[in-house]
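The values are calculated or read from the model by the stated rules, or taken from the named source; none is laboratory data. Everything numeric in this text was worked out from a predicted model, so none of it was measured. Positions of Cβ are backbone-derived with ideal geometry, glycine not excepted, and every protein chain shown enters the neighbour counts. Accessible surface areas use protein heavy atoms only, side chains included; no ligands, DNA or RNA. Shrake-Rupley method; radii C 1.70, N 1.55, O 1.52, S 1.80 Å.
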Amino acid sequence: MRLTHFVAITSLSALAACASSGASGSPVLRGSPADAVLIGGSTGVNSGATLIGGGSSSVEKVGGTVPFDATDAWRVLPLVFDSLAIPVTLRDPETRTLGNQGFAVRNRLGAVSAARLFDCGMQQGAPNASTWELHVAIITTVEPAGAAAARILTSVDVRGRPAALGGSYNHCSSKGLLEQRIAEQVAQRLRR
């Protein structure tokens, strides 16, 4: 699950266009199961969890299907980003793409420990994500997934380096929690 170069938004849109929608409740998997993160649960993401992740792309796109129209999901996505303390610098209503192409994270992203969200390895028994200077890019696209359903695809590119030493950034990986929370919070906000 190592992440490499940030994939352009067009790649994310291309993946979304190539992904076939599965029947409601049946898993859809792209790429190797070892590379993918399955999300779902009782908070509104389809418990049969539709997954699109892993594969040959250099940045994983993890998606959850929510039982709401794509237009409605797109409408609440900025509120979800705000609640997760993700500053929005990219907004494309035509492709329903929202995100940030790179911002600094140090120790926490909003109320959540960076070590809970990202894996940058360990040093002296402590997770590097807790002490490193991180550069995070998060891009989410909403696409229709059949009648009254939407697929929320998120890619997260994380790089980190020791804050005191500087130097070049090392590749880190997302643990999948952030991608899961985005899809879950879209469903929660639309259920209100």
Original post:
For Thr95, all conditions in the list (1) within 16 Å of Val62 (Cβ to Cβ); (2) part of a loop (DSSP other than H, G, I, E, B) hold save one; what is the number of the exception?
Top reply: (1)
Original post:
Any residue in the stretch 156-168 that is touching a strand residue (DSSP E or B) at 6+ places or on another chain (Cβ under 6 Å), among the acidic types (Asp, Glu), open to solvent by less than 50 Å² (accessible area, probe 1.4 Å) and part of a strand (DSSP E or B)?
Top reply: yes
Subject >> Cβ pairs under 8 Å, 6+ apart, first in the stretch 92-104 and surrounded by 14 or more Cβ atoms within 10 Å (Cβ to Cβ), second part of a strand (DSSP E or B) and of a type in the set (Lys, Arg) >> reply: Thr97/Arg91; Leu98/Arg91
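Table: residues versus (1) at positive phi; (2) in a loop (DSSP other than H, G, I, E, B); (3) modelled with pLDDT under 95.
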position	(1), (2), (3)
Ala23	no, yes, yes
Ser26	no, yes, yes
Leu38	no, yes, yes
Ser42	no, yes, yes
Leu51	no, yes, yes
Gly54	yes, yes, yes
Val62	no, no, yes
Leu77	no, no, no
Val80	no, no, no
Subject >> Residue that is farthest from Leu178 (Cα to Cα) [pool: residues in the stretch 105-124 that are open to solvent by less than 20 Å² (accessible area, probe 1.4 Å) and touching a Pro at 6+ places or on another chain (Cβ under 9 Å)] >> reply: Cys120
**OP:** Look at the stretch 71-80 and say how many of its residues are surrounded by fewer than 20 Cβ atoms within 10 Å (Cβ to Cβ) and touching a strand residue (DSSP E or B) at 6+ places or on another chain (Cβ under 7 Å).
**Re:** 1
**OP:** Say whether the condition of being closer than 23 Å to Val186 by Cα, assigned to a loop (DSSP other than H, G, I, E, B), open to solvent by 30 Å² or more (accessible area, probe 1.4 Å) and in contact with a Pro (Cβ under 8 Å, 6 or more places away or on another chain) is met by at least one residue in the stretch 125-132.
**Re:** no
